[in-house]
Amino acid sequence: MDTKEAIRLSKFLSRHLRHSPQAIGLTLQEGGWVGVEELLAACAAHGVPISREQLAALVAGSDKQRFAFDAAGTRLRAQQGHSIAVDLQLKPTTPPAVLYHGTAPAALPAIRREGLQKMKRHHVHLSPDVETARRVGARRGKPVILTVDAQRLHEAGGIFYQSGNGVWLVEQVLPEFLREL
Ligand code: HQG
């Protein structure tokens, strides 16, 4: 499996584990899990055959650790990024003092007005370091980096979660907690 193929399969899995499982006949279980057998059968039935070996390689090789097997290795889920209702059963966690968010210049006026909003996802996604934030922002052109005063937001009642792959999640970040780097 070359890189291009891995990206294609990873995008297919992300799409159906985060946004539209029903499009390939899947229903996510509590926690966002789906049985590996069932997942591979559904992929094959919809024109995207993936072998068990390929799946293992995709999960292990994902640059952002987008997917995770359960402890038994019989179920898989996306670690974050869902748009459909799914309770990942994450525990509220005290964030580090500062977190980062990379975005596009075009989004800045709205962000200055209303802060960071979750848009189509379940949460606002925040990065633990500038470099990661820069990469996230660069998906939309030249990135702008915002620092989030996570400690103060947490003290003010903001509830933070950390996904299995290290992304910090929060409901919203109002402008008073943001600074442009
Ligand atoms: C922006 C990727 C206008 C926000 C990454 C972002 C991440 C606003 C966009 C994960 C706004 C939403 C998430 C407001 C926020 N007005 N625009 N008030 N508040 N925005 O993709 O954080 O590859 O939903 O800045 O690595 O970019 O999918 O969120 O530009 O972890 O695994 O609205 O997606 O991971 O875009 O990225 P997204 P994001 P994956």
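The values are calculated or read from the model by the stated rules, or taken from the named source; none is laboratory data. If you're wondering where the values come from, they're calculated on a predicted model, not measured in any experiment. Note that each Cβ is placed from the backbone with ideal geometry, even for glycine, and that neighbours are counted across all protein chains shown. Quick note on the areas: whole protein, heavy atoms, side chains included, nothing else; ligands and nucleic acids left out. Shrake-Rupley method; radii C 1.70, N 1.55, O 1.52, S 1.80 Å.
Within the set of pairs 6 or more residues apart or between chains, which connect a residue that is part of a helix (DSSP H, G or I) inside region 1-15 to a residue that is open to solvent by 100 Å² or more (accessible area, probe 1.4 Å) and at pLDDT 95 or above with Cβ atoms less than 8 Å apart? Between residues of region 1-15 that are part of a helix (DSSP H, G or I) and residues that are open to solvent by 100 Å² or more (accessible area, probe 1.4 Å) and at pLDDT 95 or above, there is no close pair.
Kindly indicate whether any position in region 52-73 is open to solvent by less than 60 Å² (accessible area, probe 1.4 Å), of a type in the set (A, V, I, L, M), within 16 Å of the ligand (Cβ to nearest atom) and out of contact with any Gly (no Cβ under 7 Å at 6 or more places or on another chain). Yes, region 52-73 contains a residue that is open to solvent by less than 60 Å² (accessible area, probe 1.4 Å), of a type in the set (A, V, I, L, M), within 16 Å of the ligand (Cβ to nearest atom) and out of contact with any Gly (no Cβ under 7 Å at 6 or more places or on another chain). If you go through region 1-39 and keep only what is within 16 Å of the ligand (Cβ to nearest atom), open to solvent by less than 10 Å² (accessible area, probe 1.4 Å) and among the small types (Gly, Ala, Ser), you end up with just 32. Does residue 54 meet the test of being outside the structural domain of residue 122 (by TED's automatic domain parsing) and within 25 Å of residue 170 (Cα to Cα)? No. If you filter region 58-73 down to residues that are in a loop (DSSP other than H, G, I, E, B) and small (Gly, Ala, Ser), you find that the one that is nearest to residue 4 (Cα to Cα) is 62.
Of all residues assigned to region 42-52, none qualifies as being under 25 Å from residue 167 (Cα atoms) and touching a residue at least 12 places away in the same chain (Cβ under 8 Å).
Would you check which residues across region 79-103 are of a type in the set (Gly, Ala, Ser) and over 18 Å from the mean Cα position of the chain (by Cα) and list them?
The one that is of a type in the set (Gly, Ala, Ser) and over 18 Å from the mean Cα position of the chain (by Cα): 97.
Looking only at region 138-181, which residues are under 15 Å from residue 125 (Cβ atoms) and acidic (Asp, Glu)? 171, the sole residue that qualifies.
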